[in-house]
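K.L.:
One structure coming up, written as structure tokens, with questions to follow.
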Amino acid sequence: MLRNYFKIAWRNLFRNKLYSTINIGGLALGLAACMLIMLYVAHEYSFDRFHKNANRIFTVYSKTVMGADTMQMLNFSYASAPIVEKNDGAITASMRVKKEYKPVIIQNPEKVKAKFVESSLLYADANFFQFFSFKLLKGNSKTVLNQPFFMVISEDIALKYFGNADPIGKTLQVKNDSTYLFRVSGVMKNNPSNTSIRADFVVSLSSLKSMPEAEPFMESESFQGGAFLTFFTLKNQNDVAHVQHTMQTLGKKVDKDSKDRYLLTALPDMHLKFDDSANIKYIQIFPLVAILILLLALVNYMSLSTARATLRAKEIGVRKVNGASRKSVAFQFYVESSLYAVLSFGFACLLCVLFQSRFFNLLQLNIDASFVYSPAFIISIALLLLFTILIAGLYPSIVMSSFKPVEMMSGKKSSNGSGVWVRKTFTVLQFAIAVALIVCGLIIDRQLHHLRHTETGVNRENVLVVPVQKTMGISGNALRKDLQDLHGIISTAMAHYPLYKGYDMFFIQGKAKNENISLPILSVDEHFISTLGIKWRKAPIDKFVISQPKKVVINEAAVNKLNIQGDPIGKTIDFGRDEYAIAGVVKNFNFQSLNAKIDALVMFVAPDTTNTWGIEGNSGASMFIRVNPKTNLPVLISQIKNTYEKYDKDTPFEFQFVDDAFNAMFKAEDRLAGIFSLFIILTVLIAGMGLFGLAAFTAQQRTKEIGIRKVLGATVTQITTLLSSDFLRLVLIAFFIASPIAWYVMNQWLNDFTYRIEISWWIFALAGIIAVLIALLTVSFQAIKAALANPVKSLRTE
Amino acid sequence: MLLQLNKIFKWVNVGGSRTFLLRDINLTVQQGEFISIMGPSGSGKSTLLHIIGMLDDADEGEYVFADQNVFKLKEKQRSQLYKQHIGFVFQAYHLIDELTVYENIETPLIYQDMKGSERKAVVADILDRFGIVGKKDLFPSQLSGGQQQLVGIARALASNPKVILADEPTGNLNSKQGEEIMELFKKLNKEDGVTIIQVTHSEKNASYGSRTIHLLDGRVDQIVNS
């Protein structure tokens, strides 16, 4: 019996190639999108779960009150972990790790060429490989890090520095402020893609004790904030409250007035909570979108299959007359749907494999192949298949099995009214989803455009930022002088931080008692303001004044925040130790991400004779170079590079355009826009396919009517209009359903932005026009075909 | 007695007024009879055939088939009864286009849950009997009308029914093909003892039967024994 059903399903598949393509293709597209999203979401949720004790490992963090703000701090002092462990019996093990913040230069002393800048070096307690479940390929997990200057490297790194030779026992030279020799004591597997603790080099934490540059981190002997990520393994996952209480008590011991709160979060939650907060938004939105797309594809499938049901009415009638029960007919259509679903599923898998890397590039994600083949993911994919089969077969089998054989034999076509109604609803639903997504996509695109082109008060174009590290020593200024002589460079400036990537924070005493005012601080040189094209609100009397000692430049927001009345020039700000006089006021400009309103800003301006830029700042400094847009950029950049390398032979030359740095801040929104355009294409494609199939079917069903109308004198245009207008009405209804929903959702989304657009009516109009055009295109093709058919033929066949 | 209809009424309500399709039909059919039903269009021939074939219900009356009261049976029992004892032949053949001749004949056997090997034997036997072994792998569209109807009858006979109900079986055929089909019916009736009830427009075809029932406006107008 089953064979008979498969046979007929298979023959039907080839008999109606158009329907089969639309049916299977549409479903495959939807499934592929769904699978990719599932992969992404499952991967995000799998973070750090591979550790054996994942449910008992917790990360310590604090909610620290600073002025009016509360900040989350993940780093604790060197002494913190042992202190808490000693004071709480529920803790079975503790772990401190410290990431090297700035890139270090690592070299294999035996190979001159094996010298690279590395940015993922991690200092970790000796029990790192017992505490976590990173796999060691070589070395003993108990001893690999138990001595200072021991180092575990990943497979890739071993290959990079030692080729195929055994690295164990060999040394690597790490150039921080001084140069240190580390002995390779183990090789670990490369980090899986779903870990929030990443390192290519894991070195013993005890090394820090003999490194002078680490001294500031090691001083504190109490439980408080610091530089080390701290983890605990608890006896039982219910001991969280107990340990939090212990930490709270310890915190009060250090500062009894502190309002800080000390908390634990489970290791697997760390990724979404702290690591990549942009992702958490997607994690919530994407499953919804995946369900929508799958629904769209399934609805498409169901509506097309049932539309075709009328063509199968005869077969069903014959089967029933020959003794088929309703159950067996339903079963037959289930078998058929299953076959189609499995085929679609196969194509979807193929599509996934083909588009996987592109999709993940779009999301800027990296997912291990091993994760794709993990049992958990395969099971969830299998569930998706099962769900698809179940749903795809449900409606067609119910509808088809209800056909009455007598109606079939008396020549009445079984296009029952409810079927038509259901199909119309399906079409409206599909187009509503499509219209909503188009509206969302347009708004995201406009918002991004708005962010990019917002007036930020800084002339970002043609400005390069070159990081200057400590290895530059005191040559920073000499370098600047040399660069200044290059043709094509208009001006240069120095600052401690690249734009948008950081500033210092000062708290000054406000007028009221106990009032702390937070003031962001930028340390810049006297050319900074002119090089970046920042405008003056109140220019200094003489431009040299600003770089004199005890003078500062502030922005308009600072004037308001500090509540300075009258002419601010000459007024002083009390920074505790010293008072600084305001030398000038600049117009507001965005110095941090556009997520925040422009805060008050104080700029300490150094004269251009200062040559200690690289040394002063902990993470080096930045040089801003304004170039002439008409110069040959590649040539100029290579000239800059040569000049740079004259003064700093250790740290490789790097640069970024301020414009790019600015655009990089919209990574999250960029991803969203990219994904949305993909979703839009998909939904439009699926909805279009569905409509095309439905139109073809309707035209076929109305062949006789069209024939009669033509005989009675209808023109091709009239018939095309007749056939198309029905569908257009549905699309219009879809438009009116989708618009308010899309408006509401996008308004919520826009509310998260400090700089946002207002949603204008033309976005809806455009989305509506796009939907109508798509509908017209798909429908009119069929309609014209039907209208052109010879009526004599169509009437004779009836 | 094979089947008996007592005081059968069937009607539809059109715009508030009741239109009778069948009025007070009484009919007894014995095993091995060959009955023709005649009458003008709309006289209720097909409706009567559908009721006999259990594809349709009457609004009033009683229908006894093989000593069982059909209208009082549960769906499942009725379907059982009908699967075993009734074969249908249509004017438009109603073969399944996507299935081969062999598979079309096999279909009713599948629904009787017959085992695969047994089905094979039965279908082979029928193909042989009808002389269409050579056409078993062809699809309906590759056959002439007469051949299609032959397959239709073969299919109706596959489940070895007691009665074959034929709705204008020769209506779509030319006279020669029609004659062959009628001869086949006659042979089945005579040699195999299959009861045949056919609806027909043609006096000539009706003459193959032992009894002709003339319907007019849903009533039995006249019964002619030949």
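K.L.:
Which shape class, rounded, prolate or oblate, goes with segment A:190-288 when its Cα gyration tensor gives a ≥ b ≥ c as root eigenvalues, a/c under 1.5 marks rounded, and past that a/b bigger than b/c marks prolate?
P.N.:
oblate
K.L.:
Please arrange A:Met71, A:Met400, A:Met1 by counting, for each residue, the other beta carbons lying within 10 Å of its beta carbon, fewest first. Don't skip to the end; give the middle numbers.
P.N.:
Working: A:Met71 12, A:Met400 26, A:Met1 18.
By the 10 Å Cβ count, ascending, the order reads A:Met71, A:Met1, A:Met400.
K.L.:
Taking the Cα centre of segment A:629-743 as origin, sum charge times position over the Cβ atoms of Lys and Arg (+1) and Asp and Glu (-1), and report the length of that vector in debye to the nearest 20. Working shown, then result.
P.N.:
On the way: 11 positive and 10 negative charges, 163 e Å.
So the dipole magnitude of segment A:629-743 works out to roughly 780 debye.
K.L.:
Right, next: How much mean residue ellipticity at 222 nm does chain A get from its helices, if each DSSP H run of length 4 or more adds -39500 (n - 2.57) and you divide by all residues, to the nearest 500 deg cm²/dmol?
P.N.:
Details: 25 runs with 402 residues, N = 798.
Only helices count here, giving -16500 deg cm²/dmol.
K.L.:
Then there's this: In debye, nearest 20, what is the charge dipole magnitude of chain A about its Cα centre with +1 on Lys and Arg Cβ and -1 on Asp and Glu Cβ, if you could check? Provide the component values of the computation, followed by the final result.
P.N.:
Numbers: 84 positive and 60 negative charges, 841 e Å.
Once rounded to the nearest 20, the dipole reads 4040 debye.
K.L.:
Follow-up question, since we're still on this one. Under Stokes-Einstein, with the Kirkwood radius over Cα pairs standing in for Rh, what whole-number D in µm²/s applies to segment B:3-225 at 37 °C and 0.692 mPa s? Please report the intermediate quantities before stating the final value.
P.N.:
Details: Rh = 18.1 Å.
Reported coefficient: 181 µm²/s.
K.L.:
Moving on to the next point. How big is the Kirkwood radius of segment B:32-90, worked out from every pair of different alpha carbons and given in Å to one decimal? If you can, show how the numbers build up before the last one.
P.N.:
Numbers: mean 1/r = 0.0788 Å⁻¹.
Taking the inverse mean of 1/r over all distinct Cα pairs, segment B:32-90 comes out at 12.7 Å.
K.L.:
Mind grabbing the base-10 log of I(q)/I(0) for the protein assembly as shown at q = 0.04, 0.06 Å⁻¹? Debye formula, identical points on the C-alpha positions, no solvent, two decimal places.
P.N.:
-0.37, -0.69
K.L.:
Related question: Using amide H atoms built 1.01 Å from N in the peptide plane, name the residues 5+ places from A:Ser196, or on other chains, whose amide H lies under 5 Å from its own.
P.N.:
Here the answer is A:Asp48, since their amide H atoms fall under 5 Å of that of A:Ser196.
K.L.:
Roughly what % of DSSP beta bridges within segment A:470-650 run antiparallel, to the nearest 5? Walk me through the intermediate numbers first.
P.N.:
Working: 21 of 31 bridges.
So the antiparallel bridges amount to about 70 percent of the total.
K.L.:
Could you work out how far the C-alpha centroid of segment A:656-671 sits from that of segment A:29-91, in angstrom?
P.N.:
27
K.L.:
Which links in A:Lys113/A:Lys138; A:Lys252/A:Lys273; A:Lys470/A:Lys649; A:Lys535/A:Lys571; A:Lys256/A:Lys561; A:Lys535/A:Lys597 stretch past 23 Å when you go from one Cα to the other? Let's see the in-between values first.
P.N.:
Numbers: A:Lys113/A:Lys138 25 Å; A:Lys252/A:Lys273 26 Å; A:Lys470/A:Lys649 12 Å; A:Lys535/A:Lys571 20 Å; A:Lys256/A:Lys561 30 Å; A:Lys535/A:Lys597 18 Å.
In this structure, A:Lys113/A:Lys138; A:Lys252/A:Lys273; A:Lys256/A:Lys561 lie more than 23 Å apart at Cα.
K.L.:
Mind listing the phi-derived Karplus ³J(HN,Hα) values for segment A:128-142, rounded to whole Hz, using 6.51, -1.76 and 1.60 with θ = phi - 60°, and x for any glycine or proline?
P.N.:
Using θ = phi - 60°, the values come out as 3, 7, 9, 5, 9, 10, 5, 7, 8, 8, 9, x, 9, 4, 7 Hz.
K.L.:
For A:Lys704, go through the aspartates and glutamates and keep the ones whose alpha-carbon is under 15 Å away, minus same-chain ones fewer than eight residues off.
P.N.:
Those aspartates and glutamates meeting the cut-off are A:Glu798.
K.L.:
Please list, in order along segment B:67-80, the HN-Hα scalar couplings obtained from phi with the Karplus expression 6.51 cos²θ - 1.76 cosθ + 1.60 (θ = phi - 60°), rounded to whole Hz, x for Gly and Pro.
P.N.:
Per-residue couplings from phi come out as 6, 10, 7, 4, 5, 9, 6, 7, 3, 5, 5, 5, 5, 4 Hz.
K.L.:
Please report, in whole Å, how far the alpha carbons of segment A:470-650 spread along each principal axis, starting with the longest.
P.N.:
Answer, in whole Å and largest first: 56, 34, 32 Å.
K.L.:
Moving on. I'd like the antiparallel share, as a percent to the nearest 5, of DSSP beta bridges with both residues in segment B:3-225. Mind showing how you got there, number by number?
P.N.:
Working: 22 of 39 bridges.
Taking every DSSP beta bridge within segment B:3-225, about 55 percent pair in antiparallel fashion.
K.L.:
For segment A:58-277, how big is Rg over Rh, using alpha carbon atoms and the Kirkwood form of Rh? Write out the running numbers ahead of the final one.
P.N.:
Working: Rg = 18.2 Å, Rh = 18.3 Å.
On the Cα set of segment A:58-277, Rg over Rh gives 0.99.
K.L.:
Still on this structure, please answer the following. Neighbouring Cβ atoms within 10 Å as the yardstick, rank A:Leu766, A:Leu145 fewest first. Each step should come with its number before you reach the end.
P.N.:
Values: A:Leu766 14, A:Leu145 27.
By the 10 Å Cβ count, ascending: A:Leu766, A:Leu145.
K.L.:
Follow-up. So what's the angle, to the nearest 10 degrees on a 0 to 90 scale, between helix A:375-401 and the longest Cα principal axis of chain A?
P.N.:
30
K.L.:
Moving to a separate point now. Whole angstrom only: what separates the Cα centroid of segment A:468-522 from the Cα centroid of segment A:144-165?
P.N.:
After rounding, the separation between the Cα centres reads 37 Å.
K.L.:
Among the listed pairs B:Lys74/B:Lys187; A:Lys86/A:Lys253; B:Lys10/B:Lys74; A:Lys327/B:Lys83; B:Lys10/B:Lys72; A:Lys630/A:Lys667, which are separated by more than 23 Å between their Cα atoms? Don't skip to the answer; put the middle values down first.
P.N.:
Details: B:Lys74/B:Lys187 35 Å; A:Lys86/A:Lys253 15 Å; B:Lys10/B:Lys74 20 Å; A:Lys327/B:Lys83 15 Å; B:Lys10/B:Lys72 16 Å; A:Lys630/A:Lys667 29 Å.
Where the Cα-Cα span goes over 23 Å, the pairs concerned are B:Lys74/B:Lys187; A:Lys630/A:Lys667.
K.L.:
Pull up the cross-link candidates among the aspartates and glutamates for A:Lys189, meaning alpha carbon to alpha carbon under 19 Å and not fewer than 8 places away within one chain.
P.N.:
Reachable aspartates and glutamates: A:Asp48, A:Glu118, A:Asp125, A:Glu155, A:Asp156, A:Asp166, A:Asp200, A:Asp368.
Since every read-out is calculated from the coordinates, none of them should be taken as a lab result. Computed from a predicted structure; not experimentally measured. Glycine gets a Cβ as well: all are built from the backbone with ideal geometry, and neighbour counts include every protein chain shown.
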